[in-house]
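Contents: one structure, followed by commentary.
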Amino acid sequence: MLDKKKVVVGMSGGVDSTVAAYQLKKMGYDVIGINMRLWQDEFLEDIHLMHDGGCCSLSSVEDARRVCEQIGIPFYALDFKGVFKETVVDYFIEAYEKGTTPNPCIACNKYVKFDALLEKAHQLGAYYVATGHYAKIYFDEGHSRYVIEKSNAIKKDQTYALYNLTQDQLKHVLMPLGEFESKEAVREIAGQFDVAMSRKSDSQEICFVPDQDYVGFINRNGTKEIKPGAFVDTSGEVLGEHQGIINYTVGQRKGLGITFGKPMYVVDIDVDHNQVVLGDNQEVFSREVYSTLNNFVLFDELREPFECEAKIRYSAKPSKCTIYPLENGWVKTVFDSPERAITPGQAIVFYKDNWLVGGGTIERKPQ
RNA sequence: UGGGGAUUCGCCAAGUGGUAAGGCACCGGACUUUGACUCCGUUAUGCACAGGUUCAAAUCCUGUAUCCCCAG
């Protein structure tokens, strides 16, 4: 029997998860802090010295332990390396190898934090798992469903990374930071535990990749050989040589190592021909987006065209669009105005007012 | 080895006597729970080289080198 007063909190040792745990404790929950061991890499030794890590700092076990002690809750460091490697790291590498751009945080949320960790929570008898995400989750009578609503701290809103959560998961998830009006308010509370920690920076890269060098990471851990190939323009004309498709993502401008007297951007990546297509600023805009693996939160299934807003990357303002159901669970999104750099592999997330409608993985237009 | 033109930061390029624009690339920083984008900043004591004229030259003169074009 699961205890509804019992909650497992994923503790990174950072500001957000610390305050989340503290708030729950204050609300009277029986809180258990768990630090997830996710990845080991000899290059990661000092990474916790550089970043707060927010959700997924890897080496802050000691911070997490100390904080739990101060809050007065039990603490465990548990091994999640297996799931993490399979569902996040391998996915990450494979995505790049097939010419797309992964979003590891979304995968981690889906498979690790709200699946593996939730399962662990249940094993410990806890009904809930909680995190320091900036988002609001609750049961909405109007929709007769669990819903995800944007955080009050709109600048820190993290609902984008949560679109994959199912009703089953949402039922068991608490996000106490959703009501906070700002990160500053959260930091203030964190200050009482550990001054140094409350000042930790927000900066964040891919948590398992040292030095922002994801290319080196894939070279060390990937299976495929990275081969140079041709840069071509949108008409197929060869412009130069690229260093391997994993180095590029749609919309990228810097690091092409080739000059044209005007800014040039990656417009597309053609894995089959090992080519990277370049174009000018105008050529990187488009109104249509196709997505698969869609999950809807506000309703069960998309059955007819639906007017809403959507964003195609984490840090973007939602733009007006209409979404259309296609066959095999695909969704076609048509924006009112062109969007910049629609990138296969990234997520498109739909919103209606402050509610998260759903989302999916961006794919290239089906032929 | 006749004539003409060129040579400015890694690349493109402005500057025609008054004390080296700009773009791209690179590098650094900000922003960011992904990758990108964006923003800010740094970057040639020196204009192929050697002399000369001038208060003052990348800009004028002389010579040298390299490249391009036209003639043999």
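No value in this document is a laboratory result; all are computed from the given coordinates. Every value quoted in this text rests on a predicted model; they were computed, and no experiment measured them. Neighbour counts are summed over all protein chains in view; Cβ atoms, including those assigned to glycine, are modelled from backbone coordinates with ideal geometry.
Determine, from the Cβ-Cβ distance of residue A:271 and residue A:69 and an R0 of 41 Å, the FRET efficiency 1/(1 + (r/R0)^6), rounded to the nearest 0.05.
Using R0 = 41 Å, I get an efficiency of 0.25.
Fewest Cβ neighbours within 10 Å first, please rank A:182, A:151, A:144 accordingly.
Going from sparsest to densest Cβ surroundings: A:144, A:182, A:151.
Divide, for chain A, the radius of gyration over alpha carbons by 2.2 N^0.38 Å, where N is the residue count. Spell out each step's value before the answer.
Details: Rg = 21.2 Å, N = 367, 2.2 N^0.38 = 20.7 Å.
Cα Rg divided by the expected 2.2 N^0.38 Å: 1.02.
Sort out for me the Cα centre separation of region A:326-367 from region A:215-239, rounded to whole Å.
Computed from Cα coordinates, the inter-centre distance equals 26 Å.
What number, rounded to the nearest 500 deg cm²/dmol, is the helix-based mean residue ellipticity at 222 nm of chain A, given -39500 (n - 2.57) per DSSP H run of at least four residues and division by all its residues?
-5000 deg cm²/dmol
What is the distance, in nm, between label points placed 7 Å from the Cα along the Cα-to-Cβ direction at residue A:259 and at residue A:223?
Here the modelled spin labels are 4.2 nm apart.
Using only the Cα atoms of region A:205-304, build the gyration tensor, take square roots of its eigenvalues as a ≥ b ≥ c, and label the shape rounded, prolate or oblate: rounded if a/c is under 1.5, else prolate if a/b is larger than b/c, else oblate.
oblate
Which length gain, in nm to one decimal place, applies between residue A:37 and residue A:205 when the Cα-Cα distance is subtracted from 0.36 nm times their residue separation?
Additional length available on full extension: 58.7 nm.
Can you count the Lys pairs in region A:213-365 with C-alpha separation below 15 Å, eight or more apart or on different chains? Provide the component values of the computation, followed by the final result.
On the way: A:254/A:262; A:311/A:320; A:311/A:332; A:311/A:352; A:317/A:352; A:320/A:332; A:320/A:352; A:332/A:365.
Number of lysine pairs found: 8.
What's the exposure ranking of A:260, A:84, A:180, going from fewest to most Cβ atoms within 10 Å?
The most exposed by this proxy come first: A:260, A:180, A:84.
Report the antiparallel proportion of the DSSP beta bridges in chain A as a percent, rounded to a multiple of 5.
70
Mind sorting A:66, A:303 by how few other Cβ atoms lie within 10 Å of their own Cβ, fewest first?
Ascending number of Cβ neighbours within 10 Å: A:303, A:66.
Under 12 Å Cα-Cα from residue A:4, which aspartates and glutamates qualify once same-chain neighbours fewer than 8 residues away are excluded?
The qualifying aspartates and glutamates are A:30.
Going down the table (A:6/A:120; A:81/A:183; A:5/A:183), which pairs top 22 Å between alpha carbons?
A:81/A:183; A:5/A:183
Of all DSSP beta bridges in region A:177-317, what percent run antiparallel (nearest 5)? Don't skip to the answer; put the middle values down first.
On the way: 9 of 13 bridges.
Expressed as a percentage, antiparallel bridges in region A:177-317 total about 70.
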